[in-house]
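These notes are about the structure you will find just below.
Throughout, read-outs are computed from the coordinates displayed, never taken from laboratory work. Please read these numbers as outputs of a predicted model, since none were measured by experiment. Heads up, the Cβs are rebuilt from the backbone with ideal geometry, glycines too, and the neighbour counts pull from every protein chain shown.
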Ligand SMILES: [Zn+2]
Ligand SMILES: [Zn+2]
């Protein structure tokens, strides 16, 4: 698949956010810290309780888009997600290569995050089809993924889940 680089990276950010461990009360801060390269240098990553709530909502919406089973469902959920975004395209070469960012560089962490994930996810869905989003087939996983394989054959969120399932299927066959 020929993905636009920033858009395809932004959709990975969206997927990571959707798969955040929401049982951990500190998960939003941990997520921001582990993805700090997505924020303009110097952006404060301490969010208020209300902002943390917004991040959780955004995460839930991305998941809902990935789990949608029809195009109208995808459209409505994408629009709910896009309603949280404040896009302000911005050209930058901060990493040495000229590319576009979706959020203005001086926006707060929450605005940068919601805008980037909403725009990144929508771009990929619109260009490559909503069937590219899916939920992991490994038993008990439930993580969502975006399928960037050429023949759209992906079934697992990660190599770990893929090999775990292969081993489980092998063992099941041995028992027969
Ligand atoms: Zn960049
Ligand atoms: Zn998985």
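Some observations on this one:
- In the chain, helices alone account for a calculated mean residue ellipticity at 222 nm of -16500 deg cm²/dmol, with every DSSP H run of four or more residues adding -39,500 (n - 2.57).
- Take 25-37, 76-88, 113-125 and order them by the average number of nearby Cβ atoms within 10 Å per residue, most first; the result is 113-125, 76-88, 25-37.
- Rounded, prolate or oblate (a/c below 1.5 giving rounded, otherwise prolate when a/b exceeds b/c) for the range 48-91 by Cα gyration tensor: oblate
- Relative contact order computed over the chain (Cα-Cα under 8 Å; 6+ residues apart), in percent: 25
- Ranked for footprinting exposure by Cβ neighbours inside 10 Å, fewest first, 97, 57 give 97, 57.
- Sites residue 154 and residue 80, calculated FRET efficiency, Cβ-Cβ separation with R0 30 Å, nearest 0.05: 0.75
- Residues 23, 147 in ascending order of nearby Cβ atoms (within 10 Å, fewest first): 23, 147.
- Our Cα-only numbers for the chain put the radius of gyration and Dmax at 17.2, 61 Å.
- The spacing between the range 79-119 and the range 154-176, judged by their C-alpha centroids, is 38 Å.
- Helix 159-175 axis, angle to the chain major axis (alpha carbon atoms, nearest 10°): 10
- Angle in degrees between helix 5-18 and the longest Cα principal axis of the chain, rounded to the nearest 10: 70
- For the range 113-176: rounded, prolate or oblate by the Cα gyration tensor [a/c cutoff 1.5]: prolate
- With neighbour counts taken as other beta-carbon atoms within 10 Å, the residues 11, 135 rank, fewest first, as 135, 11.
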